[in-house]
Amino acid sequence: MHDAATTHGDRTVFVLVFENESSSAIYNSGSAPYINMTIKPEAAYATMFTDELPSAVPSEPHYVWMEAGTNSFTDNDFLSDADASANNSTSSTDHLSTQLTTAGLDWRSYQEGMTTPCPIASSGFYAAKHDPFVFFQDVSGMPPSAANTGCAAHHKPYSSFAADLATGTMPAYVFITPNLCNDMHGAIGCPSGSDITRGDTWLSNELPRIVTYATAHDSIIYIIWDEGSTTQTIPFFAIGNHVKKGMATTAYSHSALLKSIEEQLGVPVLSTVTAAPDFTALFDTFP
């Protein structure tokens, strides 16, 4: 049992989320040279990270699950990719970002392409369905509003990230979503070519500075996907000072991710994910 009161200095948990690729499309793929030649040798990677939702369920419910360990609440079941609204949000306070706020820990969502302070509506290559926080009314208001000051305090466009990182001080939890052209799924209007390679190139440009920060601040980086494409087994990488490099065959899920982040940041484990395994086996020292 891990002590929920444990503190970890200036630790940050970074989560970078990509879209709709099965592990078979990423591991050992020539379309992802940076992942396979640079990330994989330095990371723990899972071969049995499985999507808990049926394959027909779209992106948004997966992102909500990453935040709350479920996509089903007493006032709403998230089953679509609709933008946040009075009818597509929840009053539940049982989710990670609120736990962090309650514990006095800061958090921030960096969304590539966001154009409003609280990005509740999709625009251009930014997709609100990939930002789970805006669907919780204690973050974005009721009804969710782009003018909500509390929401704005926890959101920044990804274009601000490099300068923020360079200050040497990051929030306890950082959630990063590439835009629709860089998330490995693609969209109409994106450059031609392989969606996977475009995302891999994005990572090669963006990840090194995060790894440098993580190494210096005993921080952790998780690179995840929301769901698979041909199968429900999806790629997963963990990077950090105490990570055991190499393949892990334990059956993990987004619930395991959420539980592990809660433990690593010293907040209580939500009831929705108590039964999930944590990532103890991936680290020399955990949490």
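Cβ crowding within 10 Å, taken as a proxy for footprinting-reagent exposure, orders 125, 237 from fewest neighbours to most as 125, 237.
Using only alpha carbons, segment 12-57 has a radius of gyration to Kirkwood radius ratio (Rg to Rh) of 0.99.
What is segment 118-238 by shape, rounded, prolate or oblate, if you read a ≥ b ≥ c off the alpha carbon gyration tensor as root eigenvalues and call it rounded for a/c under 1.5, prolate for a/b larger than b/c, and oblate otherwise? Verdict is oblate for segment 118-238.
Residues considered: 49, 73, 175. Largest GNM mean-square fluctuation over the chain, using C-alpha springs under 10 Å, is found at 73. Each Lys and Arg Cβ is given +1 and each Asp and Glu Cβ -1; about its Cα centre, the chain then shows a dipole of about 580 debye.
Rounded to whole Å, the principal axis extents of the Cα atoms in the chain read 48, 46, 40, largest first. DSSP bridge analysis restricted to segment 100-208 gives an antiparallel fraction near 10%, rounded to the nearest 5.
Where both partners of a DSSP beta bridge lie in segment 13-282, what percent of those bridges are antiparallel, to the nearest 5?
Values: 11 of 34 bridges.
Close to 30 percent.
With a Förster radius of 35 Å applied to the beta-carbon distance between residue 37 and residue 169, the computed FRET efficiency rounds to 0.65.
Residues 233, 74 in ascending order of nearby Cβ atoms (within 10 Å, fewest first): 74, 233.
What's the ranking of 198-211, 56-69 by average number of surrounding C-beta atoms within 10 Å, highest first? Please report the intermediate quantities before stating the final value.
Working: 198-211: 18.4, 56-69: 21.9.
Packing proxy ranking, top to bottom: 56-69, 198-211.
Judged by the gyration tensor of its Cα atoms, with axes a ≥ b ≥ c, segment 214-278 is oblate; a/c meets the 1.5 cut and b/c is at least as large as a/b.
Quick one: grab the alpha carbon gyration tensor of segment 1-138, order the square roots of its eigenvalues as a ≥ b ≥ c, and give me rounded if a/c is under 1.5, else prolate or oblate depending on whether a/b is larger than b/c.
It comes out oblate by the Cα gyration axes.
Every number here is computed from the coordinates shown, using simple stated rules; none is lab data. The shown structure was predicted, so the numbers you read here are calculated from the model rather than taken from an experiment. Quick reminder, even Gly has a Cβ in these numbers, built from the backbone with ideal geometry, and neighbours come from all protein chains shown.
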